[in-house]
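Trainee: Quick one: the structure is below, and I'll ask about it shortly.
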Amino acid sequence: MQGYVDKYLAHIEHNRNFSPQTLRAYRNDLYQYLVFLREEDCPDLESVTRLLLRSFLAFLKKQDYSKTTIARKLVSIRSLYKFLCREGLVKCNPVANIRAPKLEKKLPGFMSVRQAETLLNLPVLSTVPGIRDRAIMETLYSTGMRVSELVGTDVEDIDFFNEVVKVKGKGRKERLQPIGNHALDAIRSYLNKRGSDKKALFLNNRGGRLTERSVARMLEKYIKTAGMSLNISPHTFRHSFATHLLDNGADLRSVQELLGHANLSSTQIYTHITTERLKQVYDQAHPRA
């Protein structure tokens, strides 16, 4: 069993554009599955029945895993069996008719325009870290890029003349993203002040590439300074970016492209946010609501 799983993991590592985090998750999910099968005295992957698979899902639920995590683990196992069937290593796929737990769609949190502007104006521009922090938040809000994409951005990815940035997204996909003048001015100011020819766009205090965790800690500092009680993270800038675009008339397809979503369904959740806000306005304003 271990050999088959390792063969599959080697396959996705070399042939699929998965991030290191996704590969780690698949590895952990499948090794946990193997441990369960061994404890149930299952001799091989082909001997797994639908009943045994349901027992595994029940085991996960008993361990208090969330529905989202259980669904992800099932995706890992389903993908494993598809590969094994395609390679002729097993004859049947016991996961074929197993349904994943139904997930509740949570609306992403976002900031108002005023809240976003409050955060953007907090960094002290008399210091290099303050100038950098302003440039980071302006870039997040201007482009809607993920924080992983932000810290992976290099100086050469910024095209000041054409006002675009090359974003290295999920699955090693690249896209050209428009970037506003406020963000470009903030980046230009930071590059002029930082005094370094390093490749990475945003640097830590030691001159190395900034990490996702460092960006999150930086933002936490400004949220406390502003006295905001909202659960704001770097990703909240991305949610706010999409919501404010839709609020101001952008069409869904364009927002999908700007966010780098492969499927429109991933973008449609933002329409629920704007719809909910319209309902609130209606309830407050209409005399017969």
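Trainee: Could you grab me the full set of residues in the stretch 178-204 that are open to solvent by 50 Å² or more (accessible area, probe 1.4 Å) and closer than 18 Å to Gly144 by Cα?
Mentor: Matches in the stretch 178-204: Pro178, Asn181, His182, Asp185.
Trainee: What are the residues in the stretch 124-153 that are open to solvent by less than 10 Å² (accessible area, probe 1.4 Å) and either touching a residue at least 12 places away in the same chain (Cβ under 8 Å) or among the β-branched types (Val, Ile, Thr) (or both), if any?
Mentor: Those that are open to solvent by less than 10 Å² (accessible area, probe 1.4 Å) and either touching a residue at least 12 places away in the same chain (Cβ under 8 Å) or among the β-branched types (Val, Ile, Thr) (or both): Asp133, Ala135, Ile136, Met137, Thr139, Leu140, Thr143, Gly144, Met145, Glu149, Leu150, Thr153.
Trainee: If Gly207 satisfies every condition in (1) open to solvent by 30 Å² or more (accessible area, probe 1.4 Å); (2) free of Cβ contacts under 8 Å to residues at least 24 places away in the same chain but one, which is the exception?
Mentor: Among (1) open to solvent by 30 Å² or more (accessible area, probe 1.4 Å); (2) free of Cβ contacts under 8 Å to residues at least 24 places away in the same chain, Gly207 violates only (1).
Trainee: Within the stretch 45-89, can you find the residues that are open to solvent by less than 70 Å² (accessible area, probe 1.4 Å), outside any helix (DSSP H, G or I) and either farther than 18 Å from Val5 by Cα or small (Gly, Ala, Ser) (or both)?
Mentor: Ser66, Gly88
Trainee: Sticking with this structure for a sec: Kindly list the number of the only condition in (1) open to solvent by less than 70 Å² (accessible area, probe 1.4 Å); (2) in a helix (DSSP H, G or I); (3) at pLDDT 70 or above that fails for Thr274.
Mentor: The one condition Thr274 does not meet is (3).
Trainee: For Pro101, state whether it is modelled with pLDDT under 85, open to solvent by less than 60 Å² (accessible area, probe 1.4 Å), more than 30 Å from Thr49 (Cβ to Cβ) and not in a helix (DSSP H, G or I).
Mentor: no
Trainee: OK, next. Identify the residue in the stretch 1-44 that is among the small types (Gly, Ala, Ser) and surrounded by 12 or more Cβ atoms within 10 Å (Cβ to Cβ) and, among all such residues, is nearest to Val95 (Cα to Cα).
Mentor: Per the stated criteria, the residue is Ala25.
The values are calculated or read from the model by the stated rules, or taken from the named source; none is laboratory data. Values in this document were obtained by computation on a predicted structure and should not be read as measured data. Quick reminder, even Gly has a Cβ in these numbers, built from the backbone with ideal geometry, and neighbours come from all protein chains shown. Side chains included, ligands, DNA and RNA excluded: accessible areas come from the protein's heavy atoms. Shrake-Rupley method; radii C 1.70, N 1.55, O 1.52, S 1.80 Å.
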